[in-house]
1. Could the peptides 98-105, 84-91 be put in order, highest first, of the mean number of other beta-carbon atoms found within 10 Å of their residues?
2. With r as the distance between the Cβ atoms of W74 and K115 and R0 = 25 Å, compute the FRET efficiency 1/(1 + (r/R0)^6) and round to 0.05.
3. Could you work out the local net charge near E39, counting Lys and Arg as +1, Asp and Glu as -1, over the other residues with Cβ closer than 11 Å to its Cβ?
4. Keeping all protein chains in place, calculate the accessible area per residue for the chain (probe 1.4 angstrom), answer in Å².
5. Multiplying the sequence separation of D38 and L122 by 0.36 nm and subtracting their Cα-Cα distance, what value in nm do you get?
6. Determine, for each peptide in 1-11, 110-120, 34-44, the mean count of other beta carbons within 10 angstrom over its residues, then list the peptides with the highest first.
7. For segment 87-102, just list the computed ³J(HN,Hα) in residue order, Karplus coefficients 6.51, -1.76 and 1.60, θ = phi - 60°, integers in Hz, with x standing in for Gly and Pro.
8. Counting pairs of Cα atoms in segment 1-127, how many percent are more than 17 Å apart?
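The values are calculated or read from the model by the stated rules, or taken from the named source; none is laboratory data. Computed from a prediction, not measured in an experiment: that's the story for all the values here. Counting neighbours? That spans all protein chains shown, and the Cβs are built from the backbone with ideal geometry, glycine included. Keep in mind that these areas ignore ligands, DNA and RNA; they rest on the heavy atoms of the full protein, side chains included. Shrake-Rupley method; radii C 1.70, N 1.55, O 1.52, S 1.80 Å.
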Amino acid sequence: MKTVLTYGTFDLFHIGHVNLLRRAKALGDRLIVGVSTDEFNARKGKSTLVPFTHRSEIVRSCRFVDLVIPECDWKQKADDIQTYQANVFVMGDDWQGKFDDLGALCEVVYLERTKEVSSSSLKQAISVF
Ligand code: C2G
């Protein structure tokens, strides 16, 4: 069983998230997604519109996702890789190079980010709608 692990906020779930999750799942048999809690996002300096309980349930409903776990801290990734025996760690390439240290534990893959869509651009569009 090849396990893939990724993390994100997934605010205003959009096609960029779907594209990432679909390609991440295609790299293995099981995809585990760490969804950032509201408290962790506050520490990331990232404001979200959709609360963690909804964001995690929305991600869980995605057919590419097998398990959702809370992401509470920057430092939990290595532990999660061990806990879930992850073989591949995936992030969009806006994080290119940032998690190369995890290469000591598993394969690290950065996937091309979907252009022209982001949670912040959606918020902007909604605000002027
Ligand atoms: N993403 C993408 N294309 C977009 C937007 C996002 O491929 N147009 C990817 C990001 O690269 C990331 C995932 O979708 O891999 C989730 O994106 P965010 O919800 O913005 O996650 P972020 O706030 O970057 O949190 O510890 C890692 C952090 O939790 C990542």
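1. Details: 98-105: 12.8, 84-91: 19.9.
Highest mean packing first, the order is 84-91, 98-105.
2. Calculated transfer efficiency: 0.40.
3. -1
4. Numbers: 7090 Å² over 129 residues.
Here the residues of the chain average 55 Å² of exposed surface.
5. Values: separation 84, 0.36 × 84 = 30.24 nm, distance 1.90 nm.
This chain segment gains 28.3 nm when fully extended.
6. Listed from highest to lowest mean packing, they are 1-11, 34-44, 110-120.
7. So the J values, rounded to whole Hz, are 9, 9, 10, 10, 9, x, 6, 5, 9, 3, x, 5, 10, 4, 4, 6.
8. Here the long-distance tail beyond 17 Å is 56 percent of all Cα pairs in segment 1-127.
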